[in-house]
Amino acid sequence: MRAFVITGPGEAAVLEVAPPVAAPGEVVVDVSRAGVCGTDMEFFSGQMQYLHDGFAAYPMRIGHEWMGTVSALGEGVDRRWLGRRVTGDTMLGCGSCRRCRSGYQHVCEYRTEIGIRGGRPGALAERLAVPATALRELPDQVDDTRGALAEPGGNALRAVQAAGLRPGDRVLILGPGTIGVLAALFARAAGAEVHLMGRPDRSLPFAGSLGFDGIWTAGTLPPLPWDAVIDASYAARLPAMAVELVEPGKRVVYIGLAGSPSLVDTRALTLKDVTAAGILSGSPGLEAAIESYARGDVDPVPLVAATIALDDLAPVLNGQLPAGAGPGPKVHIAI
């Protein structure tokens with residue numbers, strides 16, 4: 001089968017590789033659509049921390065935002081999965097440790113991650129092997145584009161849930177990229193007044209086109225009381241700023257990761273009685289994100305700027321937008 005393989009920093013190609021075989025407890029999925037994430041771009045550039053920590057190594061096959069149709073079953077898998085349209089959890093725990101048994105497989109010390117960690121091949125290929133326990137069925141109302149946005153949607157939804165928003169609360173989201181905009185959409189669906197802050201580049205005007213209550217830069221942000229602040233940025237200075245901005249007794253949520261250490265003064269957290277939450281993975285939020293898409297509460301489709309072929313992926317990972325791309329932050333690949 002054909003698969004996108006990164007062989008070193010800035011070096012990648014679509015290669016012929018052996019197709020996956022469904023091991024016991026696994027299925028093979030014929031991939032229809034996959035998304036490009038900032039993590040994928042970091043693997044391509046060589047900056048992704050897992051490469052330096054030993055959790056990942058070249059050559060590697062990326063892709064963890066995906067959907068497709070189950071085409072083969074391994075031993076012990078319920079036959080009802082055959083022919084089903086699915087997406088799946090990226091985080092695959094060992095299944096036997098205390099964290100996995102408690103429902104926290106996404107932070108299992110021994111986990112693999114599809115297209116990211118532990119050598120588990122990703123979805124930027126014609127077929128993908130995945131444990132049946134990680135599958136999430138897609139209803140007919142969730143098309144291929146929305147299905148491939150379930151994973152980032154789960155992340156964003158969890159960030160909004162962690163913010164503890166009530167109808168009428170005012171939330172500020174730092175960073176209008178894919179996760180930031182999706183969080184804004186979920187927050188608005190929850191009845192919140194939604195504001196975003198970012199840099200005056202292409203991402204901020206796109207967020208402004210979606211009708212949120214306020215779109216700001218750091219220089220124009222008004223001194224409003226913020227019931228929650230969600231940091232979905234990559235800026236090392238913004239985690240501390242989130243604590244400064246949030247109202248006493250309220251919540252800050254961290255879902256963005258800076259490339260260098262970001263410092264938060266715990267005295268500020270304590271003296272303001274602020275709750276801080278960190279979010280890793282959309283795992284516990286996948287079902288709810290899919291249900292929200294199916295109901296039409298949140299429509300993520302406008303985020304997709306372009307859908308390209310697998311052969312055209314390398315320039316995108318290098319930061320080049322496809323010709324004719326729209327204003328959204330996400331690029332999809334039709335497999």
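Throughout, read-outs are computed from the coordinates displayed, never taken from laboratory work. Please read these numbers as outputs of a predicted model, since none were measured by experiment. Cβ coordinates were reconstructed from backbone atoms using ideal geometry, including for glycine residues, and neighbour counts include every protein chain displayed.
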Exercise. Of the peptides 311-322, 7-18, how do they stack up when ordered by the mean number of other Cβ atoms within 10 Å, highest first?
Worked result: 311-322, 7-18
Exercise. Angle between the Cα long axis of helix 286-295 and the longest principal axis of the chain, 0 to 90 degrees, nearest 10?
Worked result: 80 degrees
Exercise. If one computes the Cα centroid of the stretch 182-260 and of the stretch 1-64, what distance in Å separates the two points?
Worked result: 31 Å
Seminar exercise, completed: Highest mean packing first, using Cβ neighbours within 10 angstrom, the peptides 265-276, 147-158, 42-53 sort as 147-158, 42-53, 265-276
Exercise. So what is the 222 nm mean residue ellipticity for the chain from helices alone, if each DSSP H run of at least 4 adds -39500 (n - 2.57) and you divide by all residues, rounding to the nearest 500 deg cm²/dmol?
Worked result: -6000 deg cm²/dmol
Seminar exercise, completed: Here the equivalent ellipsoid of the chain, derived from its Cα gyration tensor, has semi-axes (largest first, whole Å) of 33, 21, 20
Exercise. Can you give the direction-averaged projected area of the convex hull of the alpha-carbon atoms in the stretch 156-278, in nm²?
Worked result: 6.7 nm²
For this session: Just subtract the alpha-carbon distance of Ala218 and Asp78 from 0.36 nm times their residue separation and send over the number in nm, one decimal.
Result: 45.2 nm
Exercise. When ranked by the protection proxy of mean other Cβ atoms within 10 Å per residue, highest first, what sequence do the peptides 137-144, 223-230, 302-309 form?
Worked result: 223-230, 302-309, 137-144
